[in-house]
Amino acid sequence: MRILCCLLLLLSASLASAGPQAVAAFAPAQLRIAEQALREAGEARAEGDYRRAGRLAAMAELDARLAWAMSDSQLLRRLAAGISQCAALVRAQLVAGREQAALIRP
């Protein structure tokens with residue numbers, strides 16, 4: 001996980017020095033990463049691995065927001081916003097489920 005964070009920091013630093021067209025070229029790939037993370041979050045949630053599901057949903061939300069910021073395409077931005085909203089909903093449901101479980105425990 002730390003290696004991934006370091007790689008993302010290096011990538012964002014190199015993209016910051018690149019022009020807008022160079023950055024926009026990576027937006028579809030970033031959106032695919034967000035979609036995959038959201039899909040894996042759903043799978044983890046179905047398997048009962050709520051911690052992993054929450055982590056993946058947070059990653060999906062962040063990746064979708066990054067894709068939105070990287071692109072000028074209205075279509076890509078709408079898709080990214082939708083993925084971000086879905087990921088936020090998954091995270092909210094996981095939190096609500098934890099709170100509900102805490103209330104039920106004796």
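The values are calculated or read from the model by the stated rules, or taken from the named source; none is laboratory data. Source: prediction; values computed, not measured. Quick reminder, even Gly has a Cβ in these numbers, built from the backbone with ideal geometry, and neighbours come from all protein chains shown.
Considered as a group, the residues in the range 26-52 that are of a type in the set (A, V, I, L, M, F, W, C) and farther than 13 Å from Leu62 by Cβ include one that is farthest from the chain's Cα centre (by Cα), and that residue is Ala46.
I'd like to check which helices (runs of 4 or more DSSP H) are fully inside the chain and have at least 1 residues that are among the charged types (D, E, K, R) and at pLDDT below 95.
2-17, 27-47, 50-70, 74-104
Here is the figure for the range 89-102: residues that are surrounded by fewer than 18 Cβ atoms within 10 Å (Cβ to Cβ) and under 17 Å from Gln36 (Cβ atoms) total 0.
Considering each residue of the range 66-88, count those that are surrounded by fewer than 18 Cβ atoms within 10 Å (Cβ to Cβ) and under 10 Å from Gln30 (Cβ atoms), and give that number. Selection size over the range 66-88: 1.
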